[in-house]
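Student: Below is a structure I'd like to ask you about.
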Amino acid sequence: MNRQCEICEEELFEDGLFCHECNEEIHRLVYPVVTQTEGYFLMSIYHYDGIIRELIHRMKFQEGRYVSRFFSAEMVRFLRENDISPQGVSYIPMHKKKKRKRGFDQAKDLCVEVSGQLGVSSASLLTRAKATRALYSLSAKERMHELEGAFTASIREDEKLWLVVDDILTTGSTIREASKTLRKAKIPNVLFLVIAR
């Protein structure tokens, strides 16, 4: 059976999910950014645009869970290239009602795969305590209000270096609230890594 590129559906003659042209487009969207704000580091790998946007959408909504294998490998590559060695991997969880509706949590998929490739443990540091409205339709101020108290810490007083993964960064409100929750729980050594912003 002939294999096809996941993006353009042209016949594939090389290993991997994508043809040469689509691989080049993915590479063009690589835009690593590291920021330190409000006491935590936030890292991202891609621009949220074009093929990357399509792949994230497929991973989340179109029965494309397998795409998380590509993104988790990219996360591990990013960490190794930058000599970052977390001792544990976690994720930004979705609320249980949303997970039940979707059937899976793509951030948890990324977490499990990244931790497996790194050979470190994975754990759920956070629980989504509050079902929030869809954030993409809200202003930055509305997002902050909506996310207040959205998380509780599942683990307390841990000194390990934790990596917390998620798919997309928009305003940063979700990660800001997650970081606040972890600091209150005395989990001070946390790096956040998203696929795209």
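Student: Which numbered condition trips up D83, out of (1) free of Cβ contacts under 8 Å to residues at least 24 places away in the same chain; (2) assigned to a helix (DSSP H, G or I)?
Tutor: (2)
The rows are residues; the columns are (1) outside any helix (DSSP H, G or I); (2) basic (K, R); (3) closer than 24 Å to P32 by Cα; (4) touching a residue at least 24 places away in the same chain (Cβ under 8 Å).
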position	(1), (2), (3), (4)
H145	no, no, no, no
I155	yes, no, no, yes
T171	yes, no, yes, yes
E177	no, no, yes, yes
K186	yes, yes, no, yes
F192	yes, no, yes, yes
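Student: Can you say whether Y40 is buried (at least 16 other Cβ atoms within 10 Å of the Cβ), within 25 Å of D105 (Cα to Cα) and at pLDDT below 95, as far as the supplied structure shows?
Tutor: Judged against the criteria, Y40 is a match.
Student: Taking I45 as meeting all but one of (1) of a type outside the set (D, E, K, R); (2) assigned to a loop (DSSP other than H, G, I, E, B); (3) at pLDDT 95 or above; (4) buried (at least 18 other Cβ atoms within 10 Å of the Cβ), write down the number of the exception.
Tutor: Of everything listed in (1) of a type outside the set (D, E, K, R); (2) assigned to a loop (DSSP other than H, G, I, E, B); (3) at pLDDT 95 or above; (4) buried (at least 18 other Cβ atoms within 10 Å of the Cβ), I45 misses just condition (2).
Student: If K160 satisfies all but one of (1) surrounded by 17 or more Cβ atoms within 10 Å (Cβ to Cβ); (2) assigned to a loop (DSSP other than H, G, I, E, B); (3) not hydroxyl-bearing (S, T, Y), what's the number of the condition it fails?
Tutor: In the conditions (1) surrounded by 17 or more Cβ atoms within 10 Å (Cβ to Cβ); (2) assigned to a loop (DSSP other than H, G, I, E, B); (3) not hydroxyl-bearing (S, T, Y), K160 misses (1) alone.
Student: Follow-up question, since we're still on this one. Need the failing condition index for F13 against (1) of a type in the set (A, V, I, L, M, F, W, C); (2) in a helix (DSSP H, G or I); (3) more than 16 Å from I195 (Cβ to Cβ), just the number.
Tutor: For F13, the exception is condition (2).
Student: Select from segment 145-197 the residues that are of a type in the set (D, E) and under 29 Å from F70 (Cα atoms) and write down the one among them that is modelled with the lowest pLDDT.
Tutor: Top of the filtered list is E177.
Student: Determine whether E113 is part of a helix (DSSP H, G or I) and without any contact (Cβ under 8 Å) to a residue 24 or more places away in the chain.
Tutor: Considered against the rule, which asks whether it is part of a helix (DSSP H, G or I) and without any contact (Cβ under 8 Å) to a residue 24 or more places away in the chain, E113 comes out as no.
Student: Cβ-Cβ below 6 Å, separation at least six or inter-chain, first residue in segment 23-34 and over 15 Å from E54 (Cα atoms), second β-branched (V, I, T) and modelled with pLDDT of 95 or more: which pairs?
Tutor: Sorted first by the residue in segment 23-34, then by its partner, the pairs are P32/I45.
Student: Taking segment 79-96, which residues are under 16 Å from A107 (Cβ atoms) and surrounded by 19 or more Cβ atoms within 10 Å (Cβ to Cβ)?
Tutor: Within segment 79-96, P86, G88, V89, S90, Y91, I92, P93, M94 meet the criteria.
Student: Give me a count of the residues in segment 27-42 that are within 17 Å of the chain's Cα centre (by Cα) and not in a strand (DSSP E or B).
Tutor: Going through segment 27-42 one residue at a time, the tally reaches 1.
The values are calculated or read from the model by the stated rules, or taken from the named source; none is laboratory data. Keep in mind the model is a prediction, meaning the values are calculated, not measured. Backbone-built Cβ (ideal geometry, glycine too); neighbour counts: all protein chains shown.
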